[in-house]
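Just below is one structure, and these are the notes that go with it.
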Amino acid sequence: MNDPVIERIELHRLEVPLVRPFETSFGRETVREVLLVHVVTDSGEGWGECVAGRDPFYSGEYVDGAASVIERYLGPALIAERGRAATEHGSTDAASWATTDGPGSRGASVPLAASVASTLAFVAGHRMAKGALEAAVLDAELRAQGRSMGEAFGATRDWVDCGVSVGIAPTLDELLDEVAGYVEEGYRRIKLKIKPGWDLVPVGAVRELLGPDGLLQVDANTAYSADDIPLLASLDAFGLLLIEQPFAEEDLATHVRLAEACETPVCLDESILDVMTAIDAIDRGATSVVNIKPGRMGGYLEALRVHDACRALDVPVWCGGMLETGIGRAANVALAALPGFTLPGDTSASGRYFAEDVTEPFMLGSGAHRGQLEVPATPGTGVTVREQLVREWAGRPPVVLTR
Ligand code: NPG
């Protein structure tokens, strides 16, 4: 069978209100600006979600930039390359993905998705934009093959443990109310956003609320400096699962110093851009747990490589979140079902973010599956995009790129 050929790429921009504002050390979001990529091939279609935010605060990427780089460079290159590959070669080399180990049939053919990263490598950076394109192509290719993402990735679980990320609250009481609500809903782990001036007190109060056995971790989104090492080390008193990314993305050395000064595992997020940076950070002792966010790494295929490398090094990983709609969430849940994901992820239910989702909503299970989400088992991401809603929520007309 010939590889699929991309006929059209559409970029849809949506503004989806959040059910409550989400505040981190770098800003406050009340609306999620979403960029969706819809790829139409000669054998089916797929959707991918770009995780870039409205502003370039979490990373250098932001949604206008991602849309622009896809429209001007990445989209046309992908369409041209697929035209060429289909007429000249008929197939492409999937070896880089096919060599990964693990259960399931990961090596089976997704030649089109496996070729996206190399086709787009002529553009420096812009991993979130590239990742969205790759995700859409992967969805289209797997749907055409009748395979789910979980099956293709090598998922070993049908349900995944869910945590929830709790933003910086206006007051301590409001924070405790919010956390108590999530505990009631069944979430299996709480992650608190911290920043200088909002750390020891809220963390202590939430530890008291959860009791000694409640799973708790913190995320600083690069808000601290080397002078804060003693303060951060004093978080050891609260029995945290991990401290996430206290220092700048480029500053592995200070993360190494913190790791040496405290008992709590240090976990990197922003610093981990691909399998190379992951292995380097682990080797240097800058991280002993890794937050895997496929968008930040340029896509699910690189995320799988990071998972495999961490697993080989016995480093636990967990799946981060970027306030995704059901499209990105479905793929994240499939990824989080791999064996190396031994900690609950930021894979919360749709209702934690949005009153209405652009797909069927993800809802926490009950009984034995309390605090878990079910891994979609139908082809591709396994979710259906509500195209009517995509149109209704569009902030502007879609950009359409054709061959
Ligand atoms: O549950 O999707 C979620 C949010 C998890 O805290 C979360 N994400 O720094 O990890 C992060 C943070 C984030 C969200 C970063 C949006 C950037 C944008």
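The values are calculated or read from the model by the stated rules, or taken from the named source; none is laboratory data. All values derive from a computational prediction rather than experimental measurement. A quick note on method: Cβ atoms are made from the backbone with ideal geometry, for glycine too, and the neighbour counts reach across all protein chains shown. Ligands, DNA and RNA are excluded from the accessible area calculation, which covers all protein heavy atoms including side chains. Shrake-Rupley method; radii C 1.70, N 1.55, O 1.52, S 1.80 Å.
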Run down ASP139, ASP161, ASP93 and say which single residue is out of contact with any Asp or Glu (no Cβ under 7 Å at 6 or more places or on another chain) and at pLDDT below 95. ASP93
Applying the selection to region 319-378, what residues are of a type in the set (S, T, N, Q) and either away from the ligand (no atom under 16 Å from the Cβ) or out of contact with any strand residue (DSSP E or B) (no Cβ under 7 Å at 6 or more places or on another chain) (or both)? THR342, SER350, THR359, SER366, THR378
Odd one out for PRO230 among (1) surrounded by 23 or more Cβ atoms within 10 Å (Cβ to Cβ); (2) out of contact with any Gly (no Cβ under 7 Å at 6 or more places or on another chain): (1)
So for region 271-291 (the condition being closer than 17 Å to GLY154 by Cβ and basic (Lys, Arg)), does at least one residue qualify? no
Residue ID - most open to solvent (accessible area, probe 1.4 Å), chosen from residues in region 14-43 that are more than 12 Å from the ligand (Cβ to nearest atom) and in contact with a helix residue (DSSP H, G or I) (Cβ under 6 Å, 6 or more places away or on another chain): SER43
What number of residues within region 289-344 are at positive phi and among the acidic types (Asp, Glu)? 1
The correct count of residues that are of a type in the set (Gly, Ala, Ser) and surrounded by 20 or more Cβ atoms within 10 Å (Cβ to Cβ) in region 108-130 is 5
When (1) surrounded by fewer than 19 Cβ atoms within 10 Å (Cβ to Cβ); (2) in contact (Cβ under 8 Å) with a residue 24 or more places away in the chain; (3) not assigned by TED's automatic domain parsing to the domain that holds PRO294 are applied to THR342, the one that fails is (3)
Sort out for me the helices (runs of 4 or more DSSP H) sitting completely within region 131-226 that have 3 or more residues that are charged (D, E, K, R) and surrounded by fewer than 22 Cβ atoms within 10 Å (Cβ to Cβ). 172-185
Failed criterion for MET363 (all others in (1) without any contact (Cβ under 8 Å) to a residue 24 or more places away in the chain; (2) not assigned by TED's automatic domain parsing to the domain that holds TYR182 hold): (2)
Close pairs (6 angstrom Cβ cut-off, 6 or more residues apart or separate chains): farther than 14 Å from PRO344 by Cβ in region 182-209, at pLDDT 95 or above and of a type in the set (D, E, K, R) anywhere: LYS193/ASP219
Just checking, how many residues over region 301-320 are open to solvent by 20 Å² or more (accessible area, probe 1.4 Å) and under 9 Å from the mean Cα position of the chain (by Cα)? 0
Pull up region 228-263, narrow it to residues that are part of a loop (DSSP other than H, G, I, E, B) and within 29 Å of LYS130 (Cβ to Cβ), then point me to the one that is nearest to the ligand (Cβ to nearest atom). GLN245
Could you check, for region 36-53, whether at least one of its residues is of a type in the set (A, V, I, L, M, F, W, C) and not in a strand (DSSP E or B)? yes
